[in-house]
1. Looking for something at negative phi and touching a residue at least 40 places away in the same chain (Cβ under 8 Å) - is there at least one such residue anywhere in the stretch 57-65?
2. Against the conditions (1) in contact with an Asp or Glu (Cβ under 9 Å, 6 or more places away or on another chain); (2) surrounded by 21 or more Cβ atoms within 10 Å (Cβ to Cβ); (3) assigned to a loop (DSSP other than H, G, I, E, B), where does PRO140 fall short? Just the number, please.
3. Which one of these does LEU25 not meet: (1) at pLDDT 95 or above; (2) outside any helix (DSSP H, G or I); (3) under 23 Å from ILE81 (Cβ atoms); (4) not acidic (Asp, Glu)?
4. Assuming SER32 fulfils every condition listed in (1) part of a helix (DSSP H, G or I); (2) surrounded by 15 or more Cβ atoms within 10 Å (Cβ to Cβ); (3) not β-branched (Val, Ile, Thr) apart from one, which condition is it?
5. Quick one: ALA57 ticks every box in (1) surrounded by fewer than 16 Cβ atoms within 10 Å (Cβ to Cβ); (2) among the small types (Gly, Ala, Ser); (3) in contact with a strand residue (DSSP E or B) (Cβ under 9 Å, 6 or more places away or on another chain); (4) under 23 Å from HIS17 (Cα atoms) bar one, so which box is it?
6. Could you please let me know if GLU90 is in contact with a strand residue (DSSP E or B) (Cβ under 9 Å, 6 or more places away or on another chain) and free of Cβ contacts under 8 Å to residues at least 12 places away in the same chain?
7. Of the residues that sit in the stretch 112-142 and are over 21 Å from ALA57 (Cα atoms) and among the charged types (D, E, K, R), which one is nearest to the chain's Cα centre (by Cα)?
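The values are calculated or read from the model by the stated rules, or taken from the named source; none is laboratory data. As the structure is a prediction and not an experimental result, all values here were calculated from the model. Don't worry about glycine lacking a Cβ; one is built from the backbone with ideal geometry, like all the others, and counts go over all protein chains shown.
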Amino acid sequence: MNTPDNDIVVNAANSPHFTTYSNALRAAGLESAYKGTGPFTVFAPTNDAFEKLPDGALNALLKDKAKLASVLNFHATRGAIYASEMRSHELPSLQGEALAITRSGTDLDTGFSVNGANGSKKEIEASNGIIHGIDTVMMPKG
């Protein structure tokens, strides 16, 4: 689902895999930030990733706007990084803590992980960056 004419917020909202992430962006008041110029690379938890959270955790996050914004910003970095460009290294999240990218081999088909969350090699290109689906909601330490 490459729709490079739309921004990250629109593409996430239009994907059936990111409805929870999209709702969380709205609840955190981050839609305008992720509609911004960018570019951004977003490691967006899929709906299945949010379902893995303990009972009540998502509702608690949705009620705490500051914490939710911190969690969502922990899933993004500046710059557009395509799956084909992923390499093992660390980079700062928009939240401030490091994102550790690990390449799962040298073949593009083997994928990558970010802070232990498995990333999809099927990215969504947006007018202001890239969305990579991940299988886990990452929680910042701070």
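1. From the stretch 57-65, those at negative phi are 57-65; that's our starting set.
Right, trim to touching a residue at least 40 places away in the same chain (Cβ under 8 Å) and you get none.
The answer is no, given that none of the residues of the stretch 57-65 is at negative phi and touching a residue at least 40 places away in the same chain (Cβ under 8 Å).
2. Result: PRO140 fails condition (2) only.
3. Looking at each condition in turn, LEU25 falls short on (2).
4. (2)
5. ALA57 satisfies every listed condition except (3).
6. On the way: in contact with a strand residue (DSSP E or B) (Cβ under 9 Å, 6 or more places away or on another chain): yes; free of Cβ contacts under 8 Å to residues at least 12 places away in the same chain: yes.
The answer is yes for GLU90.
7. Filtering the stretch 112-142 for residues that are over 21 Å from ALA57 (Cα atoms) and among the charged types (D, E, K, R), the one nearest to the chain's Cα centre (by Cα) comes out as GLU123.
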